[in-house]
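Input: a single structure, listed below in C-alpha cells.
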Amino acid sequence: MTYFIMKRTTIFLLWVFLIPSIFASVRPDSVIVYDYFSGIKNNESLLNQFFRDMPKGGDLHNHLTGSVYAETYFKLAVEDRLWLDLDTGKLYPTQLAAQKAGVVSPVQLDASMSNLNNLRRRLLDLWSISRFKAFNSVLKAGSDFFNAFDLFLAAAGAHLVELLHELKYRAAIENVQYLEIMAMSPRIGADEIDRFFGKGTYEKDNKALEKNILGKRTSLTHSLELIYNRWEKSKEMAKMVKDYVHLMDSIDVNSNLVDVPNAPVCLYQTYAVRNADPLRVFAQLYLSFKACMDESNSRFVGVNIISPEDGDLSMKYYRGHMEMFGFLKKKALKPVKLSIHAGELTMGLVKPEELGSHIRDAVYLAKADRIGHGTDIVFEKGSVSLIHDLRLRHIPIEINLTSNEAVLGLRENNHPFPIYFKAGVPLIISTDDAGVLRTSLSEQYTLLTLRYGLSYYEIKKLVRNSITYSFASDEKKKMLLNKLEVEFHRFESRWVDNIAIMKQWDG
Ligand SMILES: [Zn+2]
C-alpha cells in the first residue's frame, strides 16, 4: 500500500514539476521574445536595440530626396563645387544662377576651404530638422520642413544613383526587405506641351481645366477626354513614357548594392506634383499611368501625388486631382495601383471647412488603394462610416509618426493612430522623409511602441502588412512574405540567445 502511495506520489510530483518544465523548455522562441518585449515597452534604449535588429518588411512611403541625409548632400555639393548663399543655406548650380536669384555674394564650396567644418555643421542644421527630438519636442507645424528641400535640391538632381544607393544600403543594414520609393516624377510642363502640340496649347488647355475643375463634373470629364484623346495619338508623349521608364531602369540598376548581403527588393512609385497648374498635374498623372502600364516597365508599380497638401493650388484643385485619378484609372487597360497623400492636414493648418473630404475623395473619386498619412480623418464628414469603410475595403493607411509630428504637430492621442488601430483599418509604418527628419524605420517602431504600447505580435502584424499591402506583384509578394518569415525565425532565435545572455546580468 505504502509502495502504491509512494508510486502515486512520485507520478503526481512528476506531473507537477517535471512535465511543465518539459513544456517550458519547448516554449516557442516567439513566446520568449514576446515576454521579453512586454517588459521593455517603456524603455527607449532597449526598444532601439530590439528594433534595430528586427526584420521590418517594407518601407512603402518614402521620398528619395527627403530620405537622404544632409551629410550626403554636403559631400556632393563640395565635390560639385556648387555655389552657396551663406545667409539662407541655399545651393545654386552656378554663380550666375545665384546672382540671378538676388544673392549678392555667393560662395563657391571647395574642399580646401578653411571653415568647411563649421559651414558643414550649419548647413546640416538648415537642411534637416537635426534638433528635432520626436519624443519631447513640439515643433510648430512647419515651413522649416518643406523649405529644407529647396535649399539642397541643387545637389540632388545629378546624383540620383548615389542617393538611391544610400537608401538601399540603409535598408540592408536595418533589416528592411523591401522599398517602394517615390524617386522622380515625369518632367513635363508648358515647354513640352507647346512643342508637341503647337504654341499656346498649354495655356488654352490649362484654362479649360481651371474653369471646369471648379464647375460641373461632366464638363471636367469632357475637358479631360479631349486632352486625353489628343495625347493618346502623340508619338512625343509615347516617347516621353519610354524615356522615363528607361531612365528609372538605369538609375535602379546602377544604384544596386555590390557584395552586400540582404540587399532589399526595390520598386518605385511615379507621381505628380500637386501644387501646380491643373494641366501640368494631369500631364504628370497621364505619363505616370502610362509608365506603369508600359510593356517594357518592370519597376514602376503605382502612382502617387505629392508636395504640401495645404498649398494654395493643391487645396483649390484637390477634388479635380482626385477626378483625374478616377478618370485615368477608368481608362487604364491594365490595373494601376494608387497610393495617395490624402488628409495630411489638421485643424489650424487650413480653414475648418476645408478639412471635410480629402480622404473621402481619395477613396471614392480617385479609387485609392492606399492612403498616405490620413491624419485629418476625425475632421472629415461622416468620419466613423468612412473609417469603417476603410476597414471593410482593406484600404491601408501609411503611418508616418515623426513626419506628422514635425509637419503637423500631431503626436500621442492627437494623432489618429489609436482610432484606426482600434477600428481594424490595416496600417503600415513608414518613414516619409527619413533624411530631413533624421530618423529611420527602426526608430518609427520605437516611437510607435512608446506611444501606443503595442505587443510584439501586433508589431509583427504591422510588419507583415508592409509586404501584404505593397504594390509588388503577387509572385514577388509571396517570395517576400516567405523571406520575412525566415528572417523573423532567425531574429527570434537570435533574441532567445540574447535574452539568455542578459539574464546572466541579473545576478
Ligand atoms: Zn510623403
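The values are calculated or read from the model by the stated rules, or taken from the named source; none is laboratory data. As the structure is a prediction and not an experimental result, all values here were calculated from the model. Neighbour counts run over all protein chains shown; Cβ positions are idealised from the backbone, glycine included.
List of remarks:
- Test: residue in the range 414-427 that is closer than 23 Å to Leu163 by Cα and not small (Gly, Ala, Ser): no
- Exclusive hit being within 23 Å of the chain's Cα centre (by Cα), away from the ligand (no atom under 16 Å from the Cβ), within 18 Å of Asp205 (Cβ to Cβ) and not in a loop (DSSP other than H, G, I, E, B), set Leu267, Leu287, Leu279: Leu287
- Of the residues making up the range 175-222, those that are at pLDDT 95 or above, farther than 26 Å from Asn304 by Cβ and either within 16 Å of the ligand (Cβ to nearest atom) or assigned to a loop (DSSP other than H, G, I, E, B) (or both) are Gly198, Lys199, Gly200.
- Positions within the range 296-327 being more than 30 Å from Lys351 (Cα to Cα) and outside any loop (DSSP other than H, G, I, E, B), in sequence order: Phe300, Val301, Gly302
- Any hit, the range 245-257, residues being within 16 Å of the ligand (Cβ to nearest atom) and either of a type in the set (S, T, N, Q) or part of a helix (DSSP H, G or I) (or both): no
- Residues of the range 89-112 that are out of contact with any Leu (no Cβ under 7 Å at 6 or more places or on another chain) and outside any helix (DSSP H, G or I): Thr94, Ala101, Gly102, Val103, Val104, Ser105, Gln108, Asp110, Ala111, Ser112.
- Among all residues of the range 51-70, there is at least one that is farther than 27 Å from Arg490 by Cβ and more than 16 Å from the ligand (Cβ to nearest atom).
- Among residues that are surrounded by 15 or more Cβ atoms within 10 Å (Cβ to Cβ) and within 18 Å of Gly302 (Cα to Cα), Leu390 is not included.
- Members of the range 337-387 found to be in a strand (DSSP E or B) and more than 16 Å from the ligand (Cβ to nearest atom), listed by number: Met347, Val350
- Taking the range 94-129 as the range and being within 27 Å of Ser67 (Cα to Cα), touching an Asp or Glu at 6+ places or on another chain (Cβ under 7 Å) and of a type in the set (Val, Ile, Thr) as the test, only Ile129 passes.
Condition check ((1) within 16 Å of the ligand (Cβ to nearest atom); (2) among the aromatic types (Phe, Trp, Tyr)) across all residues:
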residue	(1), (2)
Asp389	no, no
Ile397	yes, no
Thr402	yes, no
Glu405	yes, no
Gly409	no, no
Lys422	no, no
Leu427	yes, no
Gly435	yes, no
Tyr452	no, yes
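- Condition check for Gly320: more than 16 Å from the ligand (Cβ to nearest atom), on the phi > 0 side of the Ramachandran plot and touching a residue at least 24 places away in the same chain (Cβ under 8 Å): no
- Matching residues, the range 75-107, being under 25 Å from the mean Cα position of the chain (by Cα) and without any contact (Cβ under 8 Å) to a residue 60 or more places away in the chain: Lys75
- For beta carbons closer than 8 Å, sequence separation of 6+ or different chains, a first residue in the range 54-74 that is in contact (Cβ under 8 Å) with a residue 24 or more places away in the chain and in a helix (DSSP H, G or I) and a second that is of a type in the set (Asp, Glu) and within 16 Å of the ligand (Cβ to nearest atom), the qualifying pairs are Gly66/Asp432; Gly66/Asp433; Ser67/Asp433.
- Looking across Ile193, Ile188, Ile181, one residue alone is crowded, with 19+ Cβ neighbours inside 10 Å and touching an Asp or Glu at 6+ places or on another chain (Cβ under 8 Å). It is Ile193.
- Among the residues listed as Leu151, Leu76, Leu91, the single one being surrounded by 13 or more Cβ atoms within 10 Å (Cβ to Cβ), at pLDDT 90 or above and in contact with a strand residue (DSSP E or B) (Cβ under 8 Å, 6 or more places away or on another chain): Leu91
- In the range 397-439, counting only helices (runs of 4 or more DSSP H) that sit wholly within it, the ones holding 1 or more residues that are modelled with pLDDT of 95 or more, more than 25 Å from Gly348 (Cα to Cα) and not small (Gly, Ala, Ser) span 417-423.
- Ile501 vs. criteria among the β-branched types (Val, Ile, Thr) and free of Cβ contacts under 8 Å to residues at least 40 places away in the same chain: yes
- Residue that is surrounded by the most Cβ atoms within 10 Å (Cβ to Cβ), among those in the range 463-498 that are in contact with a helix residue (DSSP H, G or I) (Cβ under 8 Å, 6 or more places away or on another chain) and of a type in the set (A, V, I, L, M): Ile467
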